[in-house]
Protein chains: 2
Amino acid sequence: MTRESQGSRAPYGPGQSYESGQPYASDGNRAAVRRPASIKDVAAAAGVSPTTVSHVLSGNRPVNELTATRVRSVVNRLGYVPASLARSLQAGSTSVIGLMIPDISNTFFAELAKGAEDAAHDLGYGLILCNTEFDADREDRYLGMIRSRFIDGMVYASGSPPSRRRLEALMGKFPIALADEEVEGLEGALIATADHEAGGRLVGEHLRALGHRQALVLTGPRALKSGIARANGFVQAFRGEVVERVGDFKEASGYRLVAELLKEGGLPEGCTAVFAANDLMAFGALLALREAGLSVPDDVSVVGFDDIRAASLAHPPLTTVHQPAYDVGRTATAQLLQYVTRGEVPPASRHTLPVELKVRGSTAPATTR
Amino acid sequence: MTRESQGSRAPYGPGQSYESGQPYASDGNRAAVRRPASIKDVAAAAGVSPTTVSHVLSGNRPVNELTATRVRSVVNRLGYVPASLARSLQAGSTSVIGLMIPDISNTFFAELAKGAEDAAHDLGYGLILCNTEFDADREDRYLGMIRSRFIDGMVYASGSPPSRRRLEALMGKFPIALADEEVEGLEGALIATADHEAGGRLVGEHLRALGHRQALVLTGPRALKSGIARANGFVQAFRGEVVERVGDFKEASGYRLVAELLKEGGLPEGCTAVFAANDLMAFGALLALREAGLSVPDDVSVVGFDDIRAASLAHPPLTTVHQPAYDVGRTATAQLLQYVTRGEVPPASRHTLPVELKVRGSTAPATTR
DNA sequence: TTGTAGGCGTTATCAC
DNA sequence: GTGATAACGCCTACAA
């Protein structure tokens, strides 16, 4: 026997209070963690049954006031805290959900995570951070937590194509909500996303109003619907000539795409504006233009998407579309939990959140070049 | 009885595989989650005891190859996945730890979180995101997860003073590691932090080498040791005249402190440099200086601390001290887990990580004014 | 008002 | 090589 079975025999259980006492272990800090008091210990010390202790704490049935007081005092003395694990096992749910995102150090996802965490915390749920780094194996491992019933649901904002197969198997059986990015083939899902297309339209209208008639559009990867939607909205509202180049949402790709064009003889004839599918790519474009001796916004206007923190700090401050990352995370999570708390799998539903154009210093009226 | 007790009687348990079958529930998506197969279901269907199933899966003891194959096939057919909850209950640990931080949308903490998540994932641990928003109640609620034994340990990077009391009670009894910020009175802890003082020294040397002899130092709140250390290191290495102003690590405070000085008759006589205790305050200072018609770096040099993403994008690009936020998170977590996995409370120990001066466009040789 | 007993799903112990 | 049993710690239906 590895542990003494003192538990239910010793009147005070493991004895010492966990609330008072010395802050540090006395044996040089290498203390093994001691066995904490269980409900049985409390019951024994209070001279009642575990049932009564349970009811005193949960209030699920009336208990004699005297008995209750006695129990509570023992609870304090022993520093008893119910083991949530055991409770979860018996309840069949853990009050924990997962949040799958590709990169927490990206401010967009960090904001989204904040919203998700807030929503989860509001309902007393814990949130497990599943940062995938776009790694499908890692994602699979995290999805496994749902199948092993360690988490009650998952907010999924990863969007890397490899994951689809695994997700499909879960969708409709386990509670999952998609955040920010739709996943093709998973239309039967609960999804919260910003209005990417409207954002594109806002940019198109803005540039058109400034007199621009030809623009370069730097899109995200073809596989991601959000990027497509942004470009579509733009093209629709801009009603001018558009040259598209496909990037990957990273700063380097914005730089490369623009630099290549400039090397090949400059921007297309009459092109006075660049719309990048996100801020990072816009920064890359900014850099490439500056290096080529072009002035922003005097020669070329540049617009981004996302409104990350650096956008307003950059030089010139970037005109961009503000995406409600926090709200996306919060909405997806709140919606998901609405079903999770009832033990249901969420039905297909769509929550589209409004975006906002932030006009800053990187756009100006078109000048003929 | 709420659920049919079909479990151990029906030969196929809950029947249907969780791997195959239609991806969506057929009843309009409002499906309640079904009871998944348990080890008993598998055992019954394979004609063996739960013990054997357990051993087939864990490899903890040899099993007849034929039996094992049969069991594995049933496992697949029923889509059985062991309930990690039950396993945790019996093992006495959950393989989950918490990460307490004030604000995940701050890139510094996001990076730290990434490091923590990586370290946790490496050892098969889950990480619960505890975002406190500097709210002591919220922090308390999260600390409760440790007392209810839902998590095996906590990486603590919050640093808001109100939390100390609660933390003290836990320290030395439960596995906690401090990240980034020391907490006064909790010296007996495991702590990983950047070398704030060395960072300050690097800045001091840099400015001195550029010929600066008088500087304005914008510190963080007095309660936070990291900010103090930065300022101390600076003063020590700069060996010139220093005027200190106390801020709160926010952009607005950097702006306000500098603007006030300028209004009161300009920077102190001969002062040609500003060292802000973090990048955000440096940005505020930058803005105030620009508004006053002073040029950075021609009239005044400005240095920050942290090297957040916006630092290199700002105009001028900010000279700053790069803090290894990722490594801080990763180290704290890895160290913590080293003890957690052995069921021990970590001893006091200190891990100081190197910082690096990033010289950019916001500093230049001093000019006499 | 309170207690007894069974079960949540797993693994360790002991016995065959 | 395999199985029965107990235990992890809690909750709750049922009984008194």
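The values are calculated or read from the model by the stated rules, or taken from the named source; none is laboratory data. All of these numbers come straight from a predicted model, not from anything done at the bench. Don't worry about glycine lacking a Cβ; one is built from the backbone with ideal geometry, like all the others, and counts go over all protein chains shown.
Have a look at B:296, B:303 and point out the one that is under 29 Å from the mean Cα position of the chain (by Cα) and either surrounded by fewer than 24 Cβ atoms within 10 Å (Cβ to Cβ) or closer than 19 Å to residue B:213 by Cα (or both).
Answer to the selection: B:303.
Check whether at least one residue in region B:25-36 is in contact with a helix residue (DSSP H, G or I) (Cβ under 7 Å, 6 or more places away or on another chain) and either at pLDDT 95 or above or away from DNA strand C (no atom under 13 Å from the Cβ) (or both), and report yes or no.
No, region B:25-36 has no match at all.
Suppose we filter B:310, B:314, B:273 for residues that are within 21 Å of residue B:205 (Cβ to Cβ) and among the hydrophobic types (A, V, I, L, M, F, W, C); which single one remains?
Numbers: B:310 fails: within 21 Å of residue B:205 (Cβ to Cβ); B:314 fails: within 21 Å of residue B:205 (Cβ to Cβ).
That would be B:273, the only listed residue that is within 21 Å of residue B:205 (Cβ to Cβ) and among the hydrophobic types (A, V, I, L, M, F, W, C).
Could you check region B:321-369 and list, in sequence order, the residues that are assigned to a loop (DSSP other than H, G, I, E, B) and within 14 Å of chain A (Cβ to nearest Cβ)?
B:323, B:324, B:341, B:342, B:343, B:345, B:346, B:347, B:348, B:360, B:361, B:362
Scan region B:33-55 and report the pairs whose first residue is in contact (Cβ under 8 Å) with a residue 12 or more places away in the chain and under 23 Å from residue A:344 (Cα atoms) and whose second residue is near DNA strand C (Cβ under 6 Å from one of its atoms) and β-branched (Val, Ile, Thr), with Cβ atoms within less than 7 Å and a gap of 6+ or a chain change.
none
List the number of the failed condition for residue B:181; all other conditions in (1) in contact with a Lys or Arg (Cβ under 9 Å, 6 or more places away or on another chain); (2) within 15 Å of residue B:319 (Cα to Cα) hold.
Evaluating residue B:181 over (1) in contact with a Lys or Arg (Cβ under 9 Å, 6 or more places away or on another chain); (2) within 15 Å of residue B:319 (Cα to Cα) leaves (2) as the failure.
Can you go through A:327, A:279 and tell me which one is of a type in the set (Asp, Glu), touching a residue at least 12 places away in the same chain (Cβ under 8 Å) and crowded, with 24+ Cβ neighbours inside 10 Å?
A:279
Matching residues to (1) over 41 Å from the mean Cα position of the chain (by Cα); (2) hydrophobic (A, V, I, L, M, F, W, C):
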site: B:46; (1), (2): yes, yes
site: B:51; (1), (2): no, no
site: B:55; (1), (2): no, no
site: B:65; (1), (2): yes, no
site: B:71; (1), (2): yes, yes
site: B:74; (1), (2): yes, yes
site: B:81; (1), (2): no, yes
site: B:93; (1), (2): no, no
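Which of the following residues is away from DNA strand C (no atom under 16 Å from the Cβ) and touching an Asp or Glu at 6+ places or on another chain (Cβ under 7 Å): A:133, A:111, A:117, A:139?
Within the list A:133, A:111, A:117, A:139, the selection yields A:133.
Looking at region B:293-309 only, could you name the residues that are over 17 Å from residue B:243 (Cα atoms) and without any contact (Cβ under 8 Å) to a residue 60 or more places away in the chain? Steps first, please.
The initial filter retains those residues of region B:293-309 that are over 17 Å from residue B:243 (Cα atoms), namely B:293-299, B:305-309.
Matches in region B:293-309: B:293, B:294, B:295, B:307.
I'd like the full set of residues that are crowded, with 20+ Cβ neighbours inside 10 Å and more than 21 Å from residue B:356 (Cβ to Cβ), limited to region B:187-217.
Within region B:187-217, B:189, B:190, B:216 qualify.
Going through region B:172-212 one residue at a time, which ones are in a helix (DSSP H, G or I) and either basic (Lys, Arg) or within 12 Å of chain A (Cβ to nearest Cβ) (or both)?
Answer for region B:172-212, where residues must be in a helix (DSSP H, G or I) and either basic (Lys, Arg) or within 12 Å of chain A (Cβ to nearest Cβ) (or both): B:201, B:208.
Could you pull out the residue among B:290, B:342 that is without any contact (Cβ under 8 Å) to a residue 12 or more places away in the chain and either over 30 Å from residue A:317 (Cβ atoms) or assigned by TED's automatic domain parsing to the domain that holds residue B:172 (or both)? I'd like the intermediate steps shown before the answer.
Values: B:290 fails: either over 30 Å from residue A:317 (Cβ atoms) or assigned by TED's automatic domain parsing to the domain that holds residue B:172 (or both).
From the options B:290, B:342, the qualifying one is B:342.
Within region A:66-89, take every residue that is within 13 Å of DNA strand C (Cβ to nearest atom) and in contact with a Ser or Thr (Cβ under 7 Å, 6 or more places away or on another chain) and give me the one that is farthest from residue B:145 (Cα to Cα).
That would be A:67.
Looking at residue A:215, is it outside any loop (DSSP other than H, G, I, E, B) and not assigned by TED's automatic domain parsing to the domain that holds residue A:156?
Judged against the criteria, residue A:215 is a match.
How many residues does region A:290-320 contain that are within 12 Å of residue A:276 (Cβ to Cβ), part of a strand (DSSP E or B) and modelled with pLDDT under 95?
Residues flagged as within 12 Å of residue A:276 (Cβ to Cβ), part of a strand (DSSP E or B) and modelled with pLDDT under 95 within region A:290-320 amount to 1.
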